[in-house]
Amino acid sequence: MDQINKVKSISIWIFIIPFIAVNTCLIMITQFQGLYPNQEDIIHNTIPYIDGGASISRTARPYPSWLIFKPSMFLTSFLLIKYWLFNKEIINFFHKNHKHIKKIVFFGIASAIALTVHSIFLGIKFDNSFYKLFRRVIMLMFIIFEITAQAYLVATLYSLKNNLTKYINLEILKLKLILISILIIVALVSIPIISLPGNNFLGFNLKFFKHALEWDYFIGVISFYLLTFFMWKKIN
């Protein structure tokens, strides 16, 4: 099963590339202010994973941050498409035309396309409420499609686990199930809140909560692929 080795190798890069890109943008904009021609873009004294001092897009959209962020996201989108197609081949090998296979491929590729569209429009400024809504919807679609694809894949692998015992680490598969369950619960609770216009909810300022959630959720989503790397055993 050469596809298993391909999924294993691709998955680690789907984790590494966006992780390095996003955090490089954060370090650049907070520690190397001289790189930014527009001083209004500079951010000081924040660890957004904790304090929510800036959103991911806020660190990635100014020049020169987007020179790192956009190519990285385009490459990640390409790898995501390959990842889901290789998973399709693996599943078909063990269970031809599994009932979830079309959903896995559809939502997986749709998430990659949404990530590409989001990256294309990042940094383009239009003082238009419809444009701002469009960007918000695209990001929301990426999250929904990505989590849905991940959930269907975990469910499918669980249904085939008796046939996969010599190919996967079942304990890591259980960790993936726990991770995706947490991501779904957090999404169901948070999406109605973060989708609200403005930053006020019942008298609370949601700005910093939204930003911290974005960074931490990002880590959760890409950690799925890190677990994939450790789940599959290397096939000789």
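FYI, it's all coordinate maths here, none of it is from the lab. None of these values were measured; they are calculated from a predicted model. Using ideal geometry, Cβ is built from the backbone for each residue, glycine included, and neighbour counts are taken over all protein chains shown.
As a calculated quantity, the FRET efficiency between residue 113 and residue 47 at R0 = 45 Å, using C-beta atoms, amounts to about 0.90.
For the chain, the residue among 92, 180, 104 whose Cα projects farthest onto the positive side of the dipole built from Cβ charges is 92. Principal-axis analysis of the Cα atoms of the chain puts helix 207-231 at an angle of about 30° to the longest axis.
Quick one: grab the alpha carbon gyration tensor of the range 30-180, order the square roots of its eigenvalues as a ≥ b ≥ c, and give me rounded if a/c is under 1.5, else prolate or oblate depending on whether a/b is larger than b/c. All intermediate terms of the calculation are to be shown ahead of the outcome.
Values: a/c = 2.76, a/b = 2.08, b/c = 1.32.
Here the range 30-180 falls in the prolate category.
When the C-alpha to C-alpha distance is required to be over 30 Å, the pairs from 70/234; 96/176; 6/207; 103/233 that qualify are 70/234; 6/207.
Only helical DSSP H runs with n ≥ 4 go in: add -39500 (n - 2.57) per run for the chain, normalise by residue count and round the 222 nm mean residue ellipticity to 500 deg cm²/dmol. Show your work: numbers first, answer last.
Working: 8 runs with 171 residues, N = 236.
So the helix-based figure for the chain works out to -25000 deg cm²/dmol.
Placing +1 on each Lys and Arg Cβ and -1 on each Asp and Glu Cβ, with no other charges, gives the chain a dipole about its Cα centre of roughly 860 debye.
Backbone amide hydrogens, once placed in the peptide plane, bring residue 168 within less than 5 Å of 233, excluding anything fewer than 5 places away on its chain.
Computed from Cα positions, the angle between helix 65-94 and the longest principal axis of the chain comes to roughly 20 degrees.
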